[in-house]
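Engineer: Encoded as structure tokens, here's the structure I'll be asking about.
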Amino acid sequence: MIEFSAVHKRYPGGYEALKNVSFSVAEGELVFLLGHSGAGKSTLLKLIPLIERVNSGSVIVGGQNVSKMRPQAIPFLRRNVGQIFQDQKLLYDRSVFDNVMLPLNVTGVHPRDGARRARAALDKVGLLPREKSNPIALSGGEQQRLAIARAIVNRPSILIADEPTANLDAGYAAEIIDLFAAFSQVGVTALIATHDANAVARAAAKVKTRTIELRAGELVAGAPA
Amino acid sequence: MKAWLRLHGMAFGATLGRLAHTPFATLLNVLVIGIALALPAGAYALLMNLQQAARGVSGDPELSVFMALDAKKDEVAAIGPRLKAEALVARVEFKPREAALEDLKKNPAMGDVLVALNQNPLPDAYVVRLKSNDGDALEKLAAGIRGWPKVESVQIDSAWVRRVAAAIDLGRMAVLVLAGLLSFALLAVTFNTIRLQILTQREEIEVSKLLGATDSTIRRPFYYYGALLGLLGGGAAGLIVYAALQFMNRGVAEFSRLYASDFRLEFLPAGDLGAILAFAAILGWMGAWLSVTRHLREFEPR
């Protein structure tokens, strides 16, 4: 489903974020990407929906070599990759419901059908009773769940999450991990960057998981599947 | 296709919502555009009215061909067919010198003078209606006729109308230049308004791109906004011009009464008004396009 082959990523200024990274994630797998801050986890995740491009090597997502993808095709790739960002990227000028509707609005889903899907996604993460609230009124855990609802509303086959349990207390973090475990059980491929060992252990207790580890841009453990 | 139409519908709805959400700012923008467009549109309306008035005073251009006093009847008669054979000539009317004298006698001011004369001082004449108002062609035709036998003089009766027409043409060019210059004002207003909107919606644009919005999906609401702003500005210009003409008509009515005329300044015909609205909407769309093209490039999500 996701395949990295000899990927190098260098930022302007010469900083080498990823060095010769190769690994793959099979369909329906739940993979944790471990590593300290600055190890290259976020950069690696950004290469999948083409927020960043590789300098060399290749990234294949769902059978497509995205490293060579034309800019016009990128939006269609992103619709199939649910993204949960470290800073959540919620919009605070609209309701919880409207935040979840955003990915549907940009793809032209019928508003009636969209509303049904948005409510289903909110229900899945337990936020349906808060649909009219502003995200600012939600707790940290609820905001993260809202970000997850927005990521899954387009029914993507791949989910990527960057530190989804960062800044959450243990209870909220457990709720989030349980959600990813549930998605994995229904066949969603998930790649989650984290440095939270408890989160990994909790998921492993519920579903089959795998871990890979990055250190200073290099893959040090759990390489090919 | 359905999704594409739905995206357009949603973008249009969002644009209407945005316009209504900031009524004061929208009103100010519409007024600025309206005033900028009202100047050339008003000048154009005045020119149209002036042209209409000039047409009302004299219709098609005419030539008067005066024969020499010693011209014989057959020499005078030979001129008629020659005139009719000219390509520019629409109609030829012969005015015998006797009939001209009778007409003159009907004028009380001339009666005494004519009684004192022993003979008819008036020549036979042809009044020639012309098909064209082309000054050069008319001058050429008149010069040719002057060379014909026993033709004493040729007078282009509607020369002043042609001068007015030339002045109107000049005025029309001035209106075009003015419209061109003020179009930049409309472009600038739309450009800047859209720039501010892009800046205030920066976060939404970035998130939308991350979630799979195409460039055209992001650009579309701004295009609609620019076009609607232009359209509303064009409508405002129409209202301003209409109000100004109605106001001026009070003075025009007084002036016309002095000349026993019921002349009034008319508003722009529907076709011209439609053209102004379309022009304004296109300019608004162009301003939005320039602004979006210039500013959205800076918004690549990271």
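The values are calculated or read from the model by the stated rules, or taken from the named source; none is laboratory data. Because the structure is predicted, anything quoted here is derived from the model rather than measured. Cβ: placed from backbone, ideal geometry, glycine included. Neighbour counts: every protein chain shown. We work out accessible area using only protein heavy atoms, side chains counted, and drop any ligands, DNA or RNA first. Shrake-Rupley method; radii C 1.70, N 1.55, O 1.52, S 1.80 Å.
Engineer: R0 = 56 Å: FRET efficiency of B:Val127 with B:Ile35, Cβ-based, nearest 0.05?
Structural biologist: The formula returns an efficiency of 0.70 here.
Engineer: Filter the trypsin sites (Lys or Arg not before Pro) in segment A:32-65 to those in DSSP coil with at most 16 other Cβ atoms within 10 Å of their Cβ, and list the result.
Structural biologist: The qualifying sites are A:Arg53.
Engineer: Measure of size requested: the Rg and Dmax of the protein assembly as shown, with Cα atoms as the atom set and Å as the unit; please supply both.
Structural biologist: When restricted to the Cα atoms of the protein assembly as shown, Rg and Dmax are 40.2, 135 Å.
Engineer: Let me ask something additional. Measure off 7 Å from each Cα along the Cα-to-Cβ vector at B:Phe24 and B:Glu152, then give the distance between these two points in nanometres to one decimal.
Structural biologist: 7.8 nm
Engineer: Let me ask another. Enter the angle in degrees (range 0 to 90, nearest 10) between the Cα long axis of helix A:197-206 and the first principal axis of the Cα atoms of chain A, meaning the one along which they spread out most.
Structural biologist: Taking the Cα atoms of chain A, the angle to A:197-206 is about 70 degrees.
Engineer: Report the FRET efficiency, 1/(1 + (r/R0)^6), for A:Ala197 and B:Leu239, where r is their Cβ-Cβ distance and R0 is 60 Å, rounded to 0.05.
Structural biologist: After rounding to 0.05, the efficiency reads 0.30.
Engineer: Show me you know the interface measure: the accessible area buried between B and A, both chains summed, probe 1.4 Å, in Å² to the nearest 100.
Structural biologist: So the total buried area for this chain pair works out to about 1800 Å².
Engineer: Now for a separate question. Obtain the nm distance between the two label points defined at B:Ala78 and B:Phe255 by a simple spin-label model: each point lies 7 Å from its Cα along the Cα-to-C-beta direction.
Structural biologist: Inter-label distance under the simple model: 5.1 nm.
Engineer: In debye, nearest 20, what is the charge dipole magnitude of segment A:101-225 about its Cα centre with +1 on Lys and Arg Cβ and -1 on Asp and Glu Cβ, if you could check?
Structural biologist: Magnitude of the dipole: close to 560 debye.
Engineer: Using R₀ = 51 Å, calculate the FRET efficiency as 1/(1 + (r/R₀)^6) where r is the Cβ-Cβ separation of B:Glu102 and B:Ala137; round to 0.05.
Structural biologist: Details: r = 34 Å, r/R0 = 0.67.
With a Förster radius of 51 Å, E is 0.90.
Engineer: On full extension of the chain, what length is gained from B:Ala270 through B:Ser64, given 0.36 nm per residue of separation minus the C-alpha to C-alpha distance? Mind showing how you got there, number by number?
Structural biologist: Numbers: separation 206, 0.36 × 206 = 74.16 nm, distance 3.87 nm.
Length difference between fully extended and current span is 70.3 nm.
Engineer: Ok, one more. About the Cα centre of segment B:82-124, what is the dipole size in debye to 20, counting +1 per Lys and Arg Cβ and -1 per Asp and Glu Cβ, all else neutral? Each step should come with its number before you reach the end.
Structural biologist: On the way: 7 positive and 7 negative charges, 34 e Å.
With Lys and Arg at +1 and Asp and Glu at -1, about 160 debye.
Engineer: Specify the angular offset, from 0 to 90 degrees and rounded to the nearest 10, of the alpha carbon long axis of helix B:135-146 from the longest principal axis of the alpha carbons in chain B.
Structural biologist: That helix lies at roughly 10 degrees to the long axis.
Engineer: Loop-only GluC sites (Glu not before Pro) in segment A:1-94, please: DSSP not H, G, I, E or B, and at most 13 other Cβ atoms within 10 Å.
Structural biologist: Answer by residue number: A:Glu27.
Engineer: Right, next: Taking the alpha-carbon centroid of each part, what is the distance from segment A:20-60 to segment B:222-236 in angstrom?
Structural biologist: If you average the Cα positions of each part, the centres end up 46 Å apart.
Engineer: What residue among B:Ala68, B:Leu27, B:Leu88 has its Cα farthest toward the positive end of the dipole of segment B:1-101, where the charges are +1 on Lys, Arg and -1 on Asp, Glu, each on the Cβ?
Structural biologist: Checking the options against the dipole of segment B:1-101, the answer is B:Leu27.
Engineer: What residues have an amide H closer than 5 Å to that of A:Val220, excluding those fewer than 5 places away on the same chain, when H is modeled at 1.01 Å from N in the peptide plane?
Structural biologist: It is A:Glu213, A:Leu214, A:Arg215, by chain and number.
Engineer: Placing +1 at every Lys and Arg Cβ and -1 at every Asp and Glu Cβ, with all other atoms neutral, what dipole size does the protein assembly as shown have around its Cα centre, in debye to the nearest 20?
Structural biologist: Computed charge dipole of the protein assembly as shown: roughly 1320 debye.
Engineer: If you plug each phi of segment B:247-253 into the Karplus form 6.51 cos²θ - 1.76 cosθ + 1.60 with θ = phi - 60°, what whole-Hz ³J(HN,Hα) values come out, in order, with x for Gly and Pro?
Structural biologist: Each residue's phi maps through the Karplus curve to give 5, 5, 4, 4, x, 5, 4 Hz.
Engineer: Here is a follow-up. If you stretched the chain out fully between B:Lys2 and B:Thr293, how much longer would it get, using 0.36 nm times the residue separation minus the C-alpha to C-alpha distance?
Structural biologist: Taking B:Lys2 through B:Thr293 to full extension adds about 102.1 nm, to one decimal.
Engineer: Roll a 1.4 angstrom probe over the protein heavy atoms and tell me the percent of accessible area of the protein assembly as shown that is carbon or sulfur.
Structural biologist: Here it works out to 59 percent.
Engineer: Roughly what would the spin-label model give for A:Ser56 and B:Asp169, points 7 Å off Cα along C-beta, in nm?
Structural biologist: Distance between label points: 7.2 nm.
Engineer: A further question follows. Remind me, relative contact order of chain A in percent, using alpha carbon pairs under 8 angstrom and six or more residues apart?
Structural biologist: Worked out over chain A, it gives 31 percent.
Engineer: Only loop residues by DSSP count here, and only those with at most 12 other Cβ atoms within 10 Å; note down the trypsin sites (Lys or Arg not before Pro) in segment B:61-144 that meet that.
Structural biologist: B:Lys72, B:Lys106
Engineer: Mean separation of Cα pairs under 8 Å and 6+ residues apart, divided by the residue count of segment B:62-157: what relative contact order is that in percent?
Structural biologist: On the way: 130 pairs, mean separation 48.6, N = 96.
Taking the mean separation of contacting Cα pairs over the length of segment B:62-157, I get 51 percent.
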